[in-house]
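In what follows, a structure is listed as structure tokens, so that the remarks can point back to it.
The values are calculated or read from the model by the stated rules, or taken from the named source; none is laboratory data. As the structure is a prediction and not an experimental result, all values here were calculated from the model. Neighbour counts run over all protein chains shown; Cβ positions are idealised from the backbone, glycine included.
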Amino acid sequence: MSEKTILIIEDEEDILALIHYNLTKDGYRVMGTASGEEGLEAALRNRPDLILLDLMLPGLNGIEVCRKLKAAPDTASIPIIMVTAKGEEPDIVAGLEMGADDYLTKPFSIRVLSARVKAVLRRPRAEMAPDRDQAAIHIHELIIHPGRKEVLAEGEPVDLTFTEFHVLHYLASRPGWVFTRYQIVNAVRGEDYSVTDRAVDVQIVGLRKKLGRYGKYIETVRGVGYRFRD
Ligand code: CA
């Protein structure tokens, strides 16, 4: 397998050095840049396999960098992990809705960093996803069958509403990914127009209840949204 390239955009020297050192040790080719402008340029020039993007940058901030990366055809499909400080949840939500793949909150452990990077690099890129939409999902003790709109928990059918089914299917089709309420609404809209931002929470409560002990796989990510545990 060819060496994966990771671009870091981080203005704090110590953190940049720490991430750079550890990812290099993990066997990646690592590039470090200290500003949004430099980072954008490096991304366009080098087309890395993954970008670690600090959100609090002087000048062009991380959200702007994310927007520009996702808007440019050459960089749109490069996965982005945002690096944020506590209390930046609105930015995390904005970034995820703009197409960022994941985020890390400072301070984070090197072990967590390594695991997230590995997980994101392993994920199929978004444009490769369509054929998964109709295949049954086998995860933990659950089988989610989109064609039949059926969920089995250890072989036993779970009685879900149409909307609950779609919310569950959407989350479980990308385990480990965090989705904002807005993304969930968008994904299930067209099936049921009555779904609003707040109503997503209600759907989740109903889903967890009906899934019983499997409900724990739907995790709340405080201030951000929901994730199906991988
Ligand atoms: Ca910073």
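Residue-wise test of (1) acidic (Asp, Glu); (2) modelled with pLDDT of 90 or more; (3) not in a helix (DSSP H, G or I).
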{"site": "TYR182", "(1), (2), (3)": "no, no, no"}
{"site": "GLY190", "(1), (2), (3)": "no, no, yes"}
{"site": "ARG198", "(1), (2), (3)": "no, no, no"}
{"site": "ILE204", "(1), (2), (3)": "no, yes, no"}
{"site": "LYS210", "(1), (2), (3)": "no, yes, no"}
{"site": "TYR214", "(1), (2), (3)": "no, yes, no"}
{"site": "THR220", "(1), (2), (3)": "no, yes, yes"}
{"site": "GLY223", "(1), (2), (3)": "no, no, yes"}
{"site": "ARG227", "(1), (2), (3)": "no, yes, yes"}
Please give the number of the condition LEU52 fails out of (1) away from the ligand (no atom under 13 Å from the Cβ); (2) farther than 23 Å from ARG181 by Cα. (1)
Criterion (crowded, with 22+ Cβ neighbours inside 10 Å, away from the ligand (no atom under 16 Å from the Cβ) and farther than 25 Å from TYR182 by Cα) met by exactly one of LEU69, LEU23: LEU23
Out of all the residues in the range 86-103, which are away from the ligand (no atom under 13 Å from the Cβ) and not in a loop (DSSP other than H, G, I, E, B)? GLU89, PRO90, ILE92, VAL93, ALA94, GLY95, LEU96, GLU97, ASP102, TYR103
